[in-house]
Structures are given as structure tokens and as C-alpha cells.
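Below is one structure, written out as C-alpha cells, with a few remarks after it.
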Amino acid sequence: MKLLEEKIRKEGNVKEGNVLKVDAFLNHQMDVELFHEMGLEWKRLFEGKNINKILTIEASGIGIACVAAEVFHVPVVFAKKTASINLDGEMYTSKVESFTKKKVFDIIVSKKFLGPDDHILIIDDFLANGCAVMGLIDLINESGATLEGVGIAIEKGFQNGGKLIRERGIQLESLAIVESMDAATGEITFRN
């Protein structure tokens, strides 16, 4: 998606350790008009799929997932990273390692929001090693729901996550795939 690639080039910053900082428009300050265009693109890419819910993970994926859900006319469910007193009933759980936080989280979704009748599209902001997506897939499998596909805003194509998901036969649609990036020069190249 050229619009997203241009935004990354203009407002993204490459940091040491393969970190792409896009907080000016994606995961701190949010460009909702850009999110709407992304939602329209995912709607086109997943045309014909029987999607009735979007699933994401707390916290950076929530904004993108909500705007995409408006385009799809479906609700969003997000996996929580911490239990709270307002969570009740039975839960699905999985473990996820965060690339940027270097920490393992237990992710939680209430069983009342995910079940065998659901057809799920996963939406998230980044795909690096694939840990978050694989954790969400575990929750979907545990619930008996059907995974219809995965939509990612920015995939780091030089890391293994995309390859792992595609090798499982899952439709993965990343709107921008970063082929390489250089912290010293700030240069970012995208896959065609």
C-alpha cells in the first residue's frame, strides 16, 4: 500500500535493534484517515471471506482494528495482556513474547466473546517474529472459531513471522513489508 509506505518514509524512524518507530501516526498518535484507507484495503483483500469478528491484541492494534471493524461492519475483540477485576467467567489464554518489550505476556480473551460460530480476521500493527499473531491463532484454535486471515499494517520481511504464518497456509495481507532498514542512515526499503 503506497500510502502507508510513503507515511513510513516521511514520518518513521529507524532505531538500533531493528526497531521501526512509527508513533507519529500508527501506535501512539493515530492517523485515523490512514487507518480508514487501510481498512478499505483489507476489506478488498479479504473480499468473499465470511468475517464476523476482528481479533487483535492490546494495545497498539486496537485503534487500527476498530477502524477496520467499522469498514467490515463487525465487532472487535482484543486479547488483554493483564487480568483485571472486571474480567469474569471462563477465559482462553495463550503466552506471547513481545519483540519491543522483550517480555512474555499471558493474553486473555473471555470465552463469551470467541466461539465456534465466529469467523475471525486478525488485525495488528506490526509483524516481526510472529509471536503475537501465533498467540492469537492459539486462542482462535482453542475457541473452535475459524481463522479467515491475518491483516498486518507493517511486516518486517527480514524477520521470520510472515514466513511462519504463510507456511501454515494462512492468508496474510501486510500493507507494507519492510525488506531492510538501516539505523545509521535511516534508509528503509520495501518489498514490491
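The values are calculated or read from the model by the stated rules, or taken from the named source; none is laboratory data. Quick caveat: nothing in here was measured; it's all calculated off a predicted structure. Every residue, glycine among them, receives a Cβ derived from its backbone with ideal geometry; neighbour counts consider all protein chains shown.
Name the single residue, out of those in the stretch 110-169 being touching a helix residue (DSSP H, G or I) at 6+ places or on another chain (Cβ under 6 Å) and of a type outside the set (A, V, I, L, M), that is surrounded by the fewest Cβ atoms within 10 Å (Cβ to Cβ).
Among those that are touching a helix residue (DSSP H, G or I) at 6+ places or on another chain (Cβ under 6 Å) and of a type outside the set (A, V, I, L, M), it is Gly115.
Look through the stretch 37-89, keep the residues that are modelled with pLDDT under 95 and of a type in the set (Ser, Thr, Tyr), and return whichever of them is surrounded by the fewest Cβ atoms within 10 Å (Cβ to Cβ).
Checked the stretch 37-89; the qualifying residue surrounded by the fewest Cβ atoms within 10 Å (Cβ to Cβ) is Ser84.
Check every one of the strands (runs of 3 or more DSSP E) wholly within the stretch 144-192 and list those with 2 or more residues that are touching a Phe, Trp or Tyr at 6+ places or on another chain (Cβ under 7 Å) and at negative phi.
Where strands (runs of 3 or more DSSP E) fall fully within the stretch 144-192 and carry at least 2 residues being touching a Phe, Trp or Tyr at 6+ places or on another chain (Cβ under 7 Å) and at negative phi, they are 146-156, 172-181.
Return the pairs, sorted by first residue and then second, in which the second residue is not small (Gly, Ala, Ser), the first residue lies in the stretch 155-170 and is in contact (Cβ under 8 Å) with a residue 60 or more places away in the chain, the beta carbons are less than 7 Å apart, and the residues are 6+ apart or on different chains.
Correct list of pairs: Lys156/Asn18; Lys156/Leu127; Lys156/Val178; Phe158/Glu179; Gln159/Asn129.
Which one is surrounded by the most Cβ atoms within 10 Å (Cβ to Cβ), of the residues in the stretch 18-36 that are touching a residue at least 24 places away in the same chain (Cβ under 8 Å) and within 20 Å of Gly186 (Cα to Cα)?
The extreme case among them is Leu26.
Tell me whether the stretch 46-66 contains one or more residues that are in contact with a Phe, Trp or Tyr (Cβ under 7 Å, 6 or more places away or on another chain) and more than 17 Å from Leu136 (Cβ to Cβ).
The answer is no; no qualifying residue exists.
Test Ala59 against the criterion of being farther than 19 Å from Glu173 by Cα and within 15 Å of the chain's Cα centre (by Cα), and give yes or no.
Considered against the rule, which asks whether it is farther than 19 Å from Glu173 by Cα and within 15 Å of the chain's Cα centre (by Cα), Ala59 comes out as yes.
Scanning for something outside any loop (DSSP other than H, G, I, E, B), of a type in the set (S, T, N, Q) and more than 27 Å from Leu45 (Cα to Cα), does the stretch 101-115 turn up at least one residue?
yes
Go through the stretch 170-186 and give me each residue that's more than 20 Å from Gly39 (Cβ to Cβ) and either surrounded by 23 or more Cβ atoms within 10 Å (Cβ to Cβ) or basic (Lys, Arg) (or both).
Val178
Determine, yes or no, whether Leu114 is more than 16 Å from the chain's Cα centre (by Cα) and in contact (Cβ under 8 Å) with a residue 60 or more places away in the chain.
It is true that Leu114 is more than 16 Å from the chain's Cα centre (by Cα) and in contact (Cβ under 8 Å) with a residue 60 or more places away in the chain.
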